[in-house]
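Read-outs throughout are calculated quantities, based only on the coordinates presented, and are distinct from any laboratory measurement. Not measured: the values here are computed from a predicted model. A quick note on method: Cβ atoms are made from the backbone with ideal geometry, for glycine too, and the neighbour counts reach across all protein chains shown.
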Amino acid sequence: MGLGEALKGAITRFMSRGRHDKEALEELIRDIQRALLSADVHVELVMEISDRIRRRAAEVTPPPGVSRREMVFKIVFDELVQLLGGAHGPYKPLKKPTVLMVVGIQGSGKTTSVAKLAHYFSRNGYRVGVVCADTYRPAAYQQLQQLLAEKNIPVLGEPESDDAVGIAKKGVEILRQQGAEIIIVDTAGRHKDQESLMSELKEIQKLIQPDEVVLVLDSTIGQRARSQAEAFHKVAGVGWVMLTKMDTSARAGGALSAVAATGAPVRFIGTGERLEDIETFSADRYLTRLLGMPDLVSLVERVKLAEVSFSESSAERMLSGRFTIEEMVRQARELTKMGPLEKIISSLPIPGAKSQQLDDLEAQVRRWEAIVNSMTPEERRDPTIIDSSRARRIARGAGVSEKDVKRLIKQYSEMRRLMKRLKRDAGRIPKGLLEGLMRRGIGGPLEG
C-alpha cells in the first residue's frame, strides 16, 4: 500500500467514526505513523509530527460552524504539508542572468534533469543556455545535445577536455555575452565521500559564482536523501532541490520529508522520462493529489475561511503588539481577501484609513509567505536571531534577496511598535498613523 492510500485510509476511518475523542485521535495518529514509516520517513520526524498533531488538537477551539472532526483533519493536513516541505509559489529566477550550478550523485538523473529544467524555463519565456562541465562521463555532453537539439537551447562543452573548472568558467562567460537569461551548469555526478570531486565542485563554484546551487536527488533513496543533501549543502550551499523518479518511488514521502528537514526547499520534481515530465513542487498540491480526496481537501479551505472569521475576535492580540511574524503575514494575506484586518481598519474612526494597494500587496504577500516558509520554527518565533548567515539561507530558499528578508524583519518590528502605539492611543489615534502603518508595514510593495 502506498503513502497516499495509507493516509487516505487513516483519515477516512477517523472521519467516519461517531465520536472524535482522545481515543479516536490516538488511533488516527497511530495510523499516520504507520503510513509515514512505511514510506521511509525518518522515525524522529514521525514522532515530531505526531506530537504536534496531538498538542494542537488538544489546544484548539474550533471556530463557529466547524466540528472538532473537521478541525482535526485540517490540523493533520497542515502538519503533513509542513512535513513534506511546506507550500511554495512558482519558482522565479533571482535576476537576469541567473546562473544555476547543478550538482548531484552519479545515477540520480542529474543530466536529464538539467535538460528538463532548461526546457521548462525556455517554455516559460526565458532565454536559456546550458554548459556541460561533466568531464567524468563522456556521454554527458552528447546526451544534453541530443535532448535539447530541437529545442533551440545552446549546449556548450569540450568533450575532449578534462578541465571541468575551465569549461564551466568559459561557458558561462560565452552565454552571458550571448544574452542568456538563465545559465545552467551541469557538473559531474559525485558521492559525498569523494573528496577530490567535492574539491573540484568548490573550485567551480568559486570561479563562476552561481546565483543558486541546485541539488538533484533520486527520490528512491528515501530518508538517505537527508545525509546527501546535508553533505552537498556543507560544500556548496544548496539553494533548492529537484527530486527525480517521483512517479515510481514508494519512498517519495521519505525523500521529501528528509530534504525538508535540511531547510532546502524542493522546487521541482521529475515525474517521467520525457522532457515535459517536470513539475513545480508545492507540498499542499502534492498532498492533495496524493490523498485523492477532493471533498475533504475542500473542507480544509472551508475551515480556513471559518478561522478567518474567528480571527476577528483576536484583534486585541494584534493591537497589543503580541503577534508573531507568521500572524502578521497571515493577516496581510487576509487583507488581500478583504478579510478581518481590513474590517478592523475600516471600522476605525480615521479618515482615509482604507486599503488602497491590494494589487501591490498581493505580490508582496506571496514573497513574504515564501520567506516565512523558509524560516525554521525557532526563527519564526523570534526573528531577532536571524543574522546575515541565516538571512542568506532563508533568501535562497524563498527565491528572494537577502535584502528582502531583512526588510521583512524590520517591517515586522515596526508593525509591532505601531500596533502597541495604536493600543496606547486608543480613542485618540493620530490622523495618518494607520495610513503610515499600511504604507510601511503591510500596504506598500517591497523595494529592490
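Worth pointing out:
- Paired Rg and Dmax values of segment 76-157, which use every Cα atom, in angstrom: 15.6, 49
- Sorted from greatest to least, the principal axis extents spanned by the alpha carbons of segment 216-298 come out as 44, 28, 21 Å.
- Length-normalised contact order for segment 98-281 - Cα pairs under 8 Å, 6+ apart - percent: 26
- For segment 239-272 and segment 382-396, distance of Cα centres in Å: 24
- If the convex hull is drawn through the Cα atoms of segment 163-286, its volume per residue in Å³: 118
- Net dipole in debye of segment 1-108 [+1 Lys, Arg Cβ; -1 Asp, Glu Cβ; about Cα centre; nearest 20]: 420
- Expected-Rg normalisation [2.2 N^0.38 Å, Cα atoms] applied to segment 95-139: 1.23
- For the residue pairs 96/206; 304/410; 92/410; 74/95; 169/234, alpha carbon separations beyond 31 Å are given by 74/95.
- Taking the charge dipole of segment 162-246 about its Cα centre, with +1 at Lys and Arg Cβ atoms and -1 at Asp and Glu Cβ atoms, the residue from 235, 207, 225 reaching farthest to the positive side is 225.
- Protection proxy ranking for 264-270, 76-82, using the average of other Cβ atoms within 10 Å per residue and placing the highest first: 264-270, 76-82.
- Quarter of Cα convex hull surface for segment 3-87, i.e. mean projection, nm²: 5.6
- Extended-chain gain in nm, criterion 0.36 nm per residue less alpha-carbon gap, residue 289 and residue 55: 81.6 nm
- Annotation: peptides 271-283, 399-411, ranked by per-residue average of other Cβ atoms within 10 Å with the highest first, follow the order 399-411, 271-283.
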